[in-house]
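The values are calculated or read from the model by the stated rules, or taken from the named source; none is laboratory data. Note that this is a predicted model, so its numbers are computed, not measured. So basically every Cβ, Gly included, is an ideal-geometry build from the backbone, and we count neighbours across all protein chains shown. These accessible areas exclude ligands, DNA and RNA; they are computed on the full protein's heavy atoms, side chains included. Shrake-Rupley method; radii C 1.70, N 1.55, O 1.52, S 1.80 Å.
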Amino acid sequence: MFQKVHLRLAVLCGSITAFILLVMSLGYLYISEQGLKTSSFSSFQNDMNTLIANLEHQSVITHEWLTKMEGSGKYLIHISDNGVPFLFNERETEEEKLLFQEAWETWESSSVEIAPTAFSEIYHTEFLFSPKGSRGKDYYACAAVAEKNSGSLQVMILSPLDTLNAQIRRQRFLFFALDILAVLALSFFAWHFTRRILKPLEENQKKQAQFIASASHELRTPLAVILSCASASQKADGTQRTHFLEAMQSEGMRMSKLIDDMLLLTSADNKGWSIKMSSVEPDTLLLNLYEAFQPIAAEKNIALSITLPEENTPTLTGDKERITQVLSILLHNALSYTPAGGSVRLILTCHGKNILFSVEDNGPGIPDTEKERIFERFYRSDKSRSKKGHFGLGLCIAAEIIHAHRGKISVKDTPGGGSTFIVAL
């Protein structure tokens with residue numbers, strides 16, 4: 001499922017960004033081409049002003065001057081005196097003659113008029129000329145007329161747009177190549193970006209599936225015991241029936257505890273925890289916890305001790321009930337895994353603004369490979385936890401509570417053997 005969603009999201013993300021890129025590129029390309037055409041036409045007009053001014057100052061128009069003005073093919077010039085072409089124009093090919101003829105006809109049929117200028121006696125105007133059947137070969141054209149007593153002088157100057165069109169084609173190819181590279185880069189980015197987005201969701205789904213499977217496994221055992229005891233109690237006498245009922249009650253309480261823990265974690269996942277912040281005295285809290293667990297430790301023949309700092313301990317801001325719950329989980333675990341004759345120690349220390357609660361035992365300890373995973377849900381480092389009534393949720397709940405307080409919880413080895421859990425708030 002996630003592979004299909006990943007592919008669809010990548011295609012959607014890549015398509016949208018590529019479409020936006022292409023629209024922006026086409027818009028910029030259009031503006032750039034219009035700028036090139038406007039600049040090119042302005043340059044042509046300036047050249048024509050200069051050329052017409054030079055033509056006006058020529059008392060004699062020679063072939064050499066006309067050849068120089070043509071600029072080695074940059075311009076094509078056709079001059080007629082009272083409708084009679086100059087001898088210079090006899091070198092024109094039939095195609096060029098037809099081209100000039102069509103240029104004059106295009107100007108005469110257009111609404112463009114030759115207007116006088118303040119700096120020249122020769123009237124001229126410039127326009128874009130597209131010959132018929134030219135297959136995209138356009139020209140800038142300049143039509144000029146000089147009226148004199150002896151008649152009129154007509155000049156038609158054509159400038160092929162091959163250079164401008166080649167520049168536009170190069171620019172289009174460059175934009176096309178850059179767009180292709182950008183689309184490929186965007187597709188690559190979209191693929192990896194959507195995968196990073198979906199990865200937490202995929203991991204969360206796996207954790208949910210694992211959570212449901214583990215919860216089902218944990219509930220199956222007490223449920224099987226309850227059903228077995230219920231069936232056996234039907235044929236048992238009074239004493240045995242009481243024994244079966246007690247077993248059913250014990251397993252029912254275990255199931256209730258497990259369900260409460262799972263609901264607690266669900267609330268944490270949904271950010272539904274109500275953390276009631278208040279001022280907490282850490283030394284008093286730890287002393288109350290010590291007194292509450294002292295009878296349990298004595299019953300198991302475990303030496304429970306407490307170490308408090310000599311100076312006054314500053315108060316901390318937190319949920320007193322939740323912090324007590326965390327320390328109770330850690331202390332209960334320590335007493336459960338520490339063998340008879342062992343010791344468990346509660347330690348309170350201050351480091352700057354941090355207050356550290358430590359629960360130290362000399363039990364079997366936790367391997368280094370297990371230290372990172374013991375805070376996962378339903379994780380057990382060994383099979384003995386199930387025998388001690390542990391479901392693998394206590395440390396996970398403790399970690400969630402501490403994270404809600406923006407604190408840290410960690411574990412390290414106790415010198416000489418055992419584990420030490422540290423809560424920093």
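Do the conditions hold for Gln249, that is, is it in a helix (DSSP H, G or I) and under 30 Å from Met262 (Cβ atoms)?
yes
When you go through (1) open to solvent by less than 40 Å² (accessible area, probe 1.4 Å); (2) at pLDDT 90 or above one by one for Lys37, which number turns out not to apply?
Result: Lys37 fails condition (1) only.
Working only within the range 144-185, note down all residues that are assigned to a helix (DSSP H, G or I), within 25 Å of Ala103 (Cβ to Cβ) and without any contact (Cβ under 8 Å) to a residue 40 or more places away in the chain.
To start, the set of residues in the range 144-185 that are assigned to a helix (DSSP H, G or I) comprises 162-185.
The next check asks that each one be within 25 Å of Ala103 (Cβ to Cβ); those that pass are 162-169.
The answer is Asp162, Thr163, Asn165, Ala166, Arg169.
Quick one: would you say Leu223 is hydrophobic (A, V, I, L, M, F, W, C), under 25 Å from Ile329 (Cα atoms), modelled with pLDDT under 75 and surrounded by 14 or more Cβ atoms within 10 Å (Cβ to Cβ)? Please lay out each step first, then the result.
On the way: hydrophobic (A, V, I, L, M, F, W, C): yes; under 25 Å from Ile329 (Cα atoms): yes; modelled with pLDDT under 75: no; surrounded by 14 or more Cβ atoms within 10 Å (Cβ to Cβ): yes.
For Leu223, the condition - hydrophobic (A, V, I, L, M, F, W, C), under 25 Å from Ile329 (Cα atoms), modelled with pLDDT under 75 and surrounded by 14 or more Cβ atoms within 10 Å (Cβ to Cβ) - is not met.
May I ask you to list the residues in the range 398-425 that are within 22 Å of Ser279 (Cβ to Cβ), assigned to a strand (DSSP E or B) and free of Cβ contacts under 8 Å to residues at least 24 places away in the same chain?
Lys408
Restricting to the range 48-67, count the residues that are open to solvent by 30 Å² or more (accessible area, probe 1.4 Å) and among the aliphatic types (A, V, I, L, M).
Summing the residues that are open to solvent by 30 Å² or more (accessible area, probe 1.4 Å) and among the aliphatic types (A, V, I, L, M) in the range 48-67 gives 3.
What number of residues within the range 156-199 are more than 30 Å from His6 (Cβ to Cβ) and either in contact with a helix residue (DSSP H, G or I) (Cβ under 7 Å, 6 or more places away or on another chain) or open to solvent by 80 Å² or more (accessible area, probe 1.4 Å) (or both)? Write out each step before concluding.
Quick first cut of the range 156-199, residues more than 30 Å from His6 (Cβ to Cβ) only: 156-175.
From what is left, the residues that are either in contact with a helix residue (DSSP H, G or I) (Cβ under 7 Å, 6 or more places away or on another chain) or open to solvent by 80 Å² or more (accessible area, probe 1.4 Å) (or both) are 156-159, 163-164, 167-175.
Going through the range 156-199 one residue at a time, the tally reaches 15.
Confirm whether Ala141 is in contact with a helix residue (DSSP H, G or I) (Cβ under 7 Å, 6 or more places away or on another chain), open to solvent by less than 20 Å² (accessible area, probe 1.4 Å) and at pLDDT 90 or above. Steps first, answer last, please.
Values: in contact with a helix residue (DSSP H, G or I) (Cβ under 7 Å, 6 or more places away or on another chain): yes; open to solvent by less than 20 Å² (accessible area, probe 1.4 Å): yes; at pLDDT 90 or above: yes.
Against the criterion (in contact with a helix residue (DSSP H, G or I) (Cβ under 7 Å, 6 or more places away or on another chain), open to solvent by less than 20 Å² (accessible area, probe 1.4 Å) and at pLDDT 90 or above), Ala141 qualifies.
Given the conditions (1) under 24 Å from Glu56 (Cα atoms); (2) out of contact with any Leu (no Cβ under 9 Å at 6 or more places or on another chain); (3) open to solvent by 70 Å² or more (accessible area, probe 1.4 Å); (4) at pLDDT 80 or above, and given that Asp81 satisfies all but one, which numbered condition is not satisfied?
All conditions pass for Asp81, except number (2).
Select from the range 344-368 the residues that are charged (D, E, K, R) and open to solvent by 30 Å² or more (accessible area, probe 1.4 Å) and write down the one among them that is farthest from Glu281 (Cα to Cα).
Within the range 344-368, the first condition is being charged (D, E, K, R), and the residues that meet it are 345, 353, 360-361, 368.
Now narrow it down to the ones that are open to solvent by 30 Å² or more (accessible area, probe 1.4 Å): 345, 353, 360, 368.
On the way: Arg345: 19, Lys353: 14, Glu360: 21, Asp368: 33 Å.
Among residues in the range 344-368 that are charged (D, E, K, R) and open to solvent by 30 Å² or more (accessible area, probe 1.4 Å), the one farthest from Glu281 (Cα to Cα) is Asp368.
Quick one: which residue in Leu9, Leu26, Leu21 is among the aliphatic types (A, V, I, L, M), exposed (fewer than 14 other Cβ atoms within 10 Å of the Cβ) and either free of Cβ contacts under 8 Å to residues at least 12 places away in the same chain or assigned to a helix (DSSP H, G or I) (or both)? Show your work before the answer.
Values: Leu9 fails: exposed (fewer than 14 other Cβ atoms within 10 Å of the Cβ); Leu21 fails: exposed (fewer than 14 other Cβ atoms within 10 Å of the Cβ).
Every option except Leu26 fails the conditions.
What residue, of Tyr75, Tyr28, is out of contact with any strand residue (DSSP E or B) (no Cβ under 8 Å at 6 or more places or on another chain) and modelled with pLDDT of 85 or more? Write out each step before concluding.
On the way: Tyr75 fails: out of contact with any strand residue (DSSP E or B) (no Cβ under 8 Å at 6 or more places or on another chain).
Of Tyr75, Tyr28, the one residue that is out of contact with any strand residue (DSSP E or B) (no Cβ under 8 Å at 6 or more places or on another chain) and modelled with pLDDT of 85 or more is Tyr28.
Residues to consider are Ala292, Ala298; find the one that is of a type in the set (Gly, Ala, Ser), under 22 Å from Ile422 (Cβ atoms) and surrounded by fewer than 14 Cβ atoms within 10 Å (Cβ to Cβ). Working first, answer last.
Numbers: Ala298 fails: under 22 Å from Ile422 (Cβ atoms).
So the residue among Ala292, Ala298 that is of a type in the set (Gly, Ala, Ser), under 22 Å from Ile422 (Cβ atoms) and surrounded by fewer than 14 Cβ atoms within 10 Å (Cβ to Cβ) is Ala292.
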